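> First the structure, which I've put down as structure tokens, then a few questions once you've had a look.
Read the figures in this text as sums done on the coordinates, not as results from a lab. Everything numeric in this text was worked out from a predicted model, so none of it was measured. Cβ atoms come from the backbone with ideal geometry, glycine included; neighbour counts cover every protein chain shown.
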């Protein structure tokens, strides 16, 4: 684990970044940069020891950011407004890396949603990129393209600023705090059918928060110029159908599936490079889901 370092984070109010910020703050000096539209969320971070800087990284005049050892970029804008999302995800990242050019390393969190859709193919880091998430519904119209553009910005800044950088393509993050499986559990609880792709099963490699935290030091150690690009996912391939059936078994809830071509398709990864540079994950998806259900809805496990 990271200890006694000075870390600057973006996305510290988000589903992925917030639990990371809170855990890092226990043994590091953590600075969170963001707009902080929700004062209560900001206060919660500060109460946990996270220092906050209110800033919009798309502004031309930024406040001075602290000198830090490491930069973790977990911010993402998904408004589906192309101008807003490109400015936030791409230009904002450029401003961040330029402002923190003296850091030892930058971790830019990207997504395996940058790969060109290709059924059940295991994507390696040099596979073709494309608009993977466009078919996933209205909330994903700008997602893949703006994340590809953000990777280009990270690569450019790493070279021009001589700033060691790792671009980590994250698969499905989850944990007791939340994640995609939580939304699926809530759908089951409400009696809604769970959407799955018609090219079944809908396969992914979910990665638990505990494994993400354990891998942060190695991801930062792997930072280079030019930037290192690596898939970041759980070792086990599993499917939405398996997750929901397992949660139904744990809770007694009913689950029905709604196959469609208009939902996210499978995204699984070749983890050869991750295993070489970063290591292996340890949390079994069944154990992670059981812990998540207990944390989110312990009443469903009664008896």
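> Highest first, please rank the peptides 155-166, 99-110 by the mean number of other Cβ atoms sitting within 10 Å of their residues.
Most protected by this proxy first, the peptides run 99-110, 155-166.
> Please state the Cα pair-distance histogram of segment 1-90 with 10 angstrom bins from zero: what percent is in each bin?
17, 51, 27, 5
> Consider a paramagnetic label point 7 Å from the Cα of residue 101 along Cα→Cβ; state which residues of segment 1-33 have an amide N under 14 Å from it.
Nothing falls inside the zone, counting backbone N under 14 Å.
> With 10 angstrom as the radius, rank 114, 84, 196 by how many other C-beta atoms surround their C-beta, starting from the fewest.
Sorted ascending by nearby Cβ count, the order is 84, 196, 114.
> By how many nm would the segment from residue 286 to residue 299 grow when fully extended, if each residue of separation counts as 0.36 nm and the alpha-carbon distance is taken off?
2.8 nm
> Compute the whole-percent fraction of alpha carbon pairs in segment 216-303 spaced more than 20 Å apart.
54 percent
> Can you classify segment 62-146 as rounded, prolate or oblate using the Cα gyration tensor, where a ≥ b ≥ c are the square roots of its eigenvalues, rounded means a/c under 1.5, and otherwise it's prolate if a/b beats b/c and oblate if not?
Because a/c hits 1.5 or more and a/b fails to exceed b/c, segment 62-146 counts as oblate.
> Find how much the distance from residue 190 to residue 152 grows on full extension, using 0.36 nm per residue of separation minus their present alpha carbon separation; answer in nm with one decimal.
This chain segment gains 9.6 nm when fully extended.
> Can you bin segment 69-116 into rounded, prolate or oblate? Criterion: square roots of the alpha carbon gyration tensor eigenvalues sorted a ≥ b ≥ c, rounded for a/c under 1.5, prolate for a/b above b/c, oblate for the rest.
Judged from the Cα gyration tensor, segment 69-116 comes out oblate (a/c at least 1.5, b/c at or above a/b).
> Arrange the peptides 263-269, 49-55 so that the one whose residues have, on average, the most other Cβ atoms within 10 Å appears first.
263-269, 49-55
> Using 0.36 nm per residue of separation minus the Cα-Cα distance, give me the extension gain between residue 61 and residue 277 in nm, one decimal.
Full extension of this stretch gives 74.0 nm more.
> Could you sort the peptides 205-211, 38-44, 117-123, 225-231 by per-residue average Cβ neighbour count (10 Å cutoff), highest mean leading?
Descending packing order for the listed peptides: 205-211, 225-231, 117-123, 38-44.
> Oh, and also: So what's the back-of-envelope 222 nm ellipticity for the chain, counting only DSSP H runs of four-plus at -39500 (n - 2.57) apiece and dividing by all residues, rounded to 500?
-10000 deg cm²/dmol
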